[in-house]
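Visitor: I'd like to ask you about the structure that follows.
The values are calculated or read from the model by the stated rules, or taken from the named source; none is laboratory data. For clarity, every value in this text was computed on a predicted model and none was experimentally measured. Here the Cβ positions follow ideal geometry from the backbone for every residue, glycine too, while neighbour counts run over all protein chains shown.
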Amino acid sequence: MYSLVFFLVLNTINVFLVSQVLDGFIVTGGWFGFAVVGFVIGLLNLFVKPFLKLLSLPFIFLTAGLFVIVVNAVILWMAQGTLNMLDLETVSLTIDGLGTYIAAVVLFGIVNYLFQKILR
């Protein structure tokens with residue numbers, strides 16, 4: 001339970017930081033919106049990402065791991081689609097263009113790495 005709450009808070013902070021840095025990464029709904037987006041991304045990372053990585057394993061191997069960026073961009077795309085499907089009144093995620101997807105994935109990775117280094 002503790003780790004689930006911890007990762008929810010971490011994803012919420014991560015979504016907030018990325019939305020502050022990138023103009024094309026827009027989250028509405030205030031802190032509740034950041035928490036919902038972080039929760040959706042966390043669930044997709046937990047349940048969908050392992051299957052995507054397994055299916056794309058040959059590409060990950062051929063590109064020396066760089067294809068994981070594409071997998072993570074697909075997770076963000078799925079998060080955006082999931083939030084649109086949920087049709088919450090005050091919460092939305094808008095990501096403008098492929099460049100923003102890739103920049104967001106790289107920023108998510110950097111922030112996660114820094115949090116892991118700080119918290120160990």
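Visitor: Kindly establish whether Val9 is surrounded by fewer than 16 Cβ atoms within 10 Å (Cβ to Cβ) and either assigned to a helix (DSSP H, G or I) or touching a Cys at 6+ places or on another chain (Cβ under 7 Å) (or both). Give the derivation first.
Guide: Working: surrounded by fewer than 16 Cβ atoms within 10 Å (Cβ to Cβ): yes; either assigned to a helix (DSSP H, G or I) or touching a Cys at 6+ places or on another chain (Cβ under 7 Å) (or both): yes.
Here the answer is yes, as Val9 does meet what is asked.
Visitor: Filter segment 79-97 for residues that are in contact (Cβ under 8 Å) with a residue 60 or more places away in the chain, of a type outside the set (S, T, N, Q) and outside any strand (DSSP E or B) and give the result.
Guide: Val91, Asp96, Gly97
Visitor: Take Val91 and decide whether it is surrounded by 13 or more Cβ atoms within 10 Å (Cβ to Cβ), over 15 Å from the mean Cα position of the chain (by Cα) and closer than 20 Å to Val21 by Cα.
Guide: yes
Visitor: Further question on the same structure: Take Leu76 and decide whether it is at pLDDT below 95, in contact with a helix residue (DSSP H, G or I) (Cβ under 8 Å, 6 or more places away or on another chain) and either in a loop (DSSP other than H, G, I, E, B) or crowded, with 19+ Cβ neighbours inside 10 Å (or both).
Guide: It is false that Leu76 is at pLDDT below 95, in contact with a helix residue (DSSP H, G or I) (Cβ under 8 Å, 6 or more places away or on another chain) and either in a loop (DSSP other than H, G, I, E, B) or crowded, with 19+ Cβ neighbours inside 10 Å (or both).
Visitor: Within the bounds of segment 20-34, is there any residue that is part of a loop (DSSP other than H, G, I, E, B), among the charged types (D, E, K, R) and under 16 Å from Tyr101 (Cβ atoms)?
Guide: So far as segment 20-34 goes, yes, one or more of its residues are part of a loop (DSSP other than H, G, I, E, B), among the charged types (D, E, K, R) and under 16 Å from Tyr101 (Cβ atoms).
Visitor: Do you know which residues across segment 61-73 are surrounded by 13 or more Cβ atoms within 10 Å (Cβ to Cβ), over 23 Å from Val15 (Cβ atoms) and within 19 Å of the chain's Cα centre (by Cα)?
Guide: Within segment 61-73, Phe67 is the sole residue that qualifies.
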